[in-house]
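Okay, so here's the structure we're looking at.
The values are calculated or read from the model by the stated rules, or taken from the named source; none is laboratory data. Everything quoted here is computed from the prediction, not taken from an experiment. Because the Cβ atoms are built from the backbone with ideal geometry, glycine has one as well, and the counts that use them run over all protein chains shown. Keep in mind that these areas ignore ligands, DNA and RNA; they rest on the heavy atoms of the full protein, side chains included. Shrake-Rupley method; radii C 1.70, N 1.55, O 1.52, S 1.80 Å.
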Amino acid sequence: MENTRDKLTLGGHEFTSRFILGSGKYNLDLIRAAVQYAQAQIITLAVRRANTAGAENILDYIPPGITLLPNTSGARKAEEAVRIAHLARALGCGDFIKIEVVHDSKYLLPDNYETVKATEILAREGFVVLPYMYPDLNVARDLVNAGAAAVMPLGAPIGSNKGLCTRDFIKILVDEIDLPIIVDAGIGRPSQACEAMELGAAAVMANTAIATAGDIPAMAGAFKNAIEAGRAAYRAGLGRVVEQGAAASSPLTGFLND
Amino acid sequence: MEGLHEVKNSIDPMKYLADMEVLEESTIMDEVLSRMQAYDYSHYRAQDVQRALQQDSRTPEDFAALLSPAAAPLLEEIARRAREETRRYFGNSVYLFTPLYVANYCENYCIYCGFNRYNSIRRARLTLAEVAKEMQAIARSGLEEILILTGESRKMSDPVYIGEVCKMARNYFKTVGLEVYPMNTGDYAYLHGCGADFVTVFQETYDPDRYAALHLAGRKRVFPYRLNAQERAIRGGMRGVGFAALLGLGDFRKDAFATGIHAYLLQRKYPQAEIAFSCPRLRPIINNDSIKPKDVHEAQLLQVICAYRLFMPFAGITISTRERSGFRNHVIGIAATKISAGVSIDIGGHQEKVAEKGDAQFEIADPRSVQEVCQAIKEQGLQPVMNDYVFV
């Protein structure tokens with residue numbers, strides 16, 4: 001009952017699914033599995049990949065009713081991200097844009113400074129801007145002020161499947177930022193997705209973890225269940241962790257009742 | 001080719017010619033050469049290789065171990081780890097491209113090369129109208145990435161001509177790469193403006209003495225100018241640069257080590273640069289059947305390719321058309337990420353009704369069409385990808 005009202009809102013658009021398929025590993029089976037078994041309603045799409053004339057155009061494989069989230073991968077500077085966003089619009093990908101500005105070919109870590117600049121420009125142009133960023137509270141605040149629709153901190157380096165390496169910093173963003181916090185990159189297992197949701201993340205983006213699984217549809221389903229469980233736990237309010245062994249209820253202040 | 005031609009007024013191989021740009025403050029070459037000279041592959045043991053395999057990220061020392069003879073008995077394990085890294089970074093994507101040779105005039109005298117200026121082959125430079133026809137023929141096959149090649153004659157294939165070819169290529173293809181003679185930063189910037197974004201330069205061999213013995217005349221004889229081409233290309237605005245030694249010209253382990261270190265040092269200096277390796281070894285050439293690959297058999301070649309992958313897991317690796325189809329099929333399943341298809345290395349060889357204008361540089365071993373290569377990729381559970389790039 002509650003769940004029907006628990007919606008993810010991004011730039012005025014509402015979604016019931018909190019799983020977003022990332023674009024790291026391109027695979028048509030993966031898209032089908034994400035929609036059918038993980039019930040994804042948002043699918044990320046690298047513009048540089050969609051920018052193709054041939055038979056393998058990924059745009060042709062996106063099922064109807066799915067919101068496309070084109071990303072600016074390949075951009076090294078804010079201006080390049082802006083140009084790719086314009087290209088996405090021209091290709092008919094809609095107004096959502098995930099900003100990725102990466103100036104490092106080895107780790108693919110986002111450049112926060114250029115990301116803020118690109119967010120400012122594209123939000124002003126009417127895009128629904130979802131910036132991928134390294135979890136830094138000051139930068140997250142700048143992104144809010146720049147007009148972002150959500151903030152997308154990385155859990156671990158892209159494709160690493162290492163999970164929530166930045167857990168404590170993501171928690172700070174969840175606590176301090178009013179926009180949805182979507183954990184992007186590094187989520188390698190359903191349990192890690194569940195943990196992100198328990199922390200209060202509004203959604204989780206994953207790709208490699210499912211793309212490289214032995215059974216893609218089964219793993220897609222596992223992610224769906226994990227994300228729902230984590231969300232339900234967050235909404236229910238996690239209980240306190242009882243310390244080992246019995247404890248007197250008020251060992252320090254009990255004397256007040258003596 | 002009968003014997004060597006006498007070369008008068010020989011160029012000093014370590015000295016820049018007057019019009020060659022010098023990157024005064026760059027220490028890349030000195031560092032590559034000193035590390036290569038210090039590399040003694042005979043002192044590595046199996047346990048060094050095993051340690052290298054167990055690392056999450058690998059150092060130059062690990063790379064050195066992986067290229068050593070001690071790694072040879074562990075090739076299966078090395079290939080398994082290389083495959084893991086490839087899939088982690090590239091998923092199941094395999095990128096396709098084709099080379100387009102637009103000219104084969106060459107002013108150099110490289111004694112192992114079929115394009116060399118003393119080799120009597122048919123020379124040609126395609127007109128722009130002919131280039132357009134070639135490109136149309138290639139584009140019809142579905143390819144979206146093209147690699148433009150010339151012989152090394154700045155006079156016969158000047159940057160303006162190459163620039164016009166790049167501009168035309170942008171009409172037919174998404175990705176335009178260059179494999180032409182080394183240039184100054186300004187030329188690279190010009191060609192980047194014309195639509196090229198990737199530059200590959202084969203150093204052939206990183207051993208300066210061997211290099212001087214093999215490259216007897218022409219601008220190519222200047223070793224440091226060639227070695228610093230990638231750095232100038234990056235400074236000229238190119239997104240990515242490719243590296244290669246022609247394995248078999250010198251000591252292939254040292255050459256492969258230097259190639260990897262060269263890429264490693266440049267990536268540290270220019271972290272935004274995309275890195276790629278090509279892995280050619282000597283193949284028979286026109287009019288000279290006596291040159292054979294020295295000691296680089298397929299097992300050694302695979303060891304080198306896997307060592308590149310494990311050292312720089314994010315780098316693209318192109319597998320040469322000089323290799324047979326069976327080898328190429330397996331290598332894309334392990335470490336290579338890019339493969340050429342529908343290759344014709346003759347000048348003007350892509351059009352069915354037009355006679356070839358000029359001869360080829362070497363012989364290819366994999367003549368498969370784009371469709372056949374795509375099919376082979378799919379049969380391995382991999383995905384052929386025509387484009388993953390946008391020019392910005």
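Below is a table of values for the structure above.
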{"read-out": "Elements of type helices (runs of 4 or more DSSP H) contained in the range B:114-222, each with 3 or more residues being touching a helix residue (DSSP H, G or I) at 6+ places or on another chain (Cβ under 9 Å), over 28 Å from B:SER34 (Cβ atoms) and not hydroxyl-bearing (Ser, Thr, Tyr)", "value": "B:128-140, B:159-172, B:185-193"}
{"read-out": "Within the range A:110-133, tally of residues that are open to solvent by 10 Å² or more (accessible area, probe 1.4 Å) and assigned to a strand (DSSP E or B)", "value": "2"}
{"read-out": "Test: residue in the range B:12-32 that is more than 28 Å from B:GLY236 (Cα to Cα) and hydroxyl-bearing (Ser, Thr, Tyr)", "value": "no"}
{"read-out": "Helices (runs of 4 or more DSSP H) fully within the range B:295-392 counting 2 or more residues that are surrounded by fewer than 21 Cβ atoms within 10 Å (Cβ to Cβ) and within 14 Å of another protein chain (Cβ to nearest Cβ)", "value": "B:370-379"}
{"read-out": "Sole residue being out of contact with any Phe, Trp or Tyr (no Cβ under 7 Å at 6 or more places or on another chain), basic (Lys, Arg) and surrounded by fewer than 20 Cβ atoms within 10 Å (Cβ to Cβ), chosen from A:LYS106, A:LYS77", "value": "A:LYS77"}
{"read-out": "Count of residues meeting criterion [modelled with pLDDT of 95 or more and either within 14 Å of chain A (Cβ to nearest Cβ) or open to solvent by 50 Å² or more (accessible area, probe 1.4 Å) (or both)] in the range B:273-294", "value": "5"}
{"read-out": "Considering residues of the range A:54-74 that are away from chain B (no Cβ under 14 Å) and open to solvent by less than 50 Å² (accessible area, probe 1.4 Å) only, the residue modelled with the lowest pLDDT", "value": "A:ILE62"}
{"read-out": "Where A:ILE84 falls short, out of the listed (1) in a loop (DSSP other than H, G, I, E, B); (2) out of contact with any Leu (no Cβ under 7 Å at 6 or more places or on another chain)", "value": "(1)"}
{"read-out": "Matching option when the condition is under 18 Å from B:GLY177 (Cβ atoms), open to solvent by less than 30 Å² (accessible area, probe 1.4 Å) and modelled with pLDDT of 95 or more, among B:ALA196, B:ALA258", "value": "B:ALA196"}
{"read-out": "Tally of residues being open to solvent by less than 50 Å² (accessible area, probe 1.4 Å) and modelled with pLDDT of 90 or more across the range A:232-258", "value": "1"}
{"read-out": "Residue ranges of helices (runs of 4 or more DSSP H) in the range A:134-231 with at least 1 members open to solvent by 10 Å² or more (accessible area, probe 1.4 Å) and within 14 Å of chain B (Cβ to nearest Cβ)", "value": "A:208-211"}
{"read-out": "Qualifying residue in the range B:117-129 (condition: over 30 Å from B:PHE223 (Cβ atoms), within 14 Å of another protein chain (Cβ to nearest Cβ) and either of a type in the set (Asp, Glu) or surrounded by 18 or more Cβ atoms within 10 Å (Cβ to Cβ) (or both))", "value": "no"}
{"read-out": "Of all residues in the range A:81-103 being surrounded by fewer than 21 Cβ atoms within 10 Å (Cβ to Cβ) and at the interface with another protein chain (Cβ under 8 Å from one of its Cβ atoms), the one that is farthest from A:ILE62 (Cα to Cα)", "value": "A:HIS103"}
{"read-out": "The range B:108-123 residues that are of a type in the set (D, E, K, R), paired with ones that are open to solvent by less than 20 Å² (accessible area, probe 1.4 Å) and outside any loop (DSSP other than H, G, I, E, B) (beta carbon under 9 Å, 6 or more apart)", "value": "B:ARG117/B:TYR109; B:ARG117/B:ALA217; B:ARG122/B:ILE347; B:ARG122/B:GLY358; B:ARG123/B:ALA103; B:ARG123/B:ILE347; B:ARG123/B:GLY358"}
{"read-out": "Near pairs, Cβ below 9 angstrom, 6+ apart or cross-chain, from the range B:80-102 (over 17 Å from B:ILE319 (Cα atoms)) to any residue that is assigned to a strand (DSSP E or B) and not basic (Lys, Arg)", "value": "B:GLY91/B:GLN383; B:TYR101/B:ILE148; B:TYR101/B:LEU149; B:TYR101/B:ILE347; B:TYR101/B:GLY358; B:VAL102/B:ILE148; B:VAL102/B:LEU149; B:VAL102/B:ILE347"}
{"read-out": "Odd one out for B:GLU84 among (1) within 14 Å of chain A (Cβ to nearest Cβ); (2) crowded, with 17+ Cβ neighbours inside 10 Å; (3) not in a loop (DSSP other than H, G, I, E, B)", "value": "(2)"}
{"read-out": "Number of the exception - B:TYR95 against (1) open to solvent by less than 20 Å² (accessible area, probe 1.4 Å); (2) within 14 Å of chain A (Cβ to nearest Cβ); (3) modelled with pLDDT of 95 or more", "value": "(1)"}
{"read-out": "Index of the failed condition, A:ASN51 passing every other in (1) modelled with pLDDT of 85 or more; (2) over 20 Å from the mean Cα position of the chain (by Cα)", "value": "(1)"}
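Here's the yes/no breakdown for (1) in contact with a Leu (Cβ under 8 Å, 6 or more places away or on another chain); (2) away from chain B (no Cβ under 14 Å); (3) of a type outside the set (A, V, I, L, M, F, W, C):
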{"residue": "A:SER105", "(1), (2), (3)": "no, no, yes"}
{"residue": "A:LEU108", "(1), (2), (3)": "no, no, no"}
{"residue": "A:GLU114", "(1), (2), (3)": "no, no, yes"}
{"residue": "A:LYS117", "(1), (2), (3)": "no, yes, yes"}
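Results for (1) open to solvent by less than 10 Å² (accessible area, probe 1.4 Å); (2) more than 16 Å from B:TYR101 (Cβ to Cβ), shown as yes or no for each residue.
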residue	(1), (2)
B:ALA137	no, no
B:ARG140	no, yes
B:GLU145	no, no
B:GLU152	no, no
B:PRO159	no, yes
B:VAL165	yes, no
B:PHE173	yes, no
B:TYR188	yes, yes
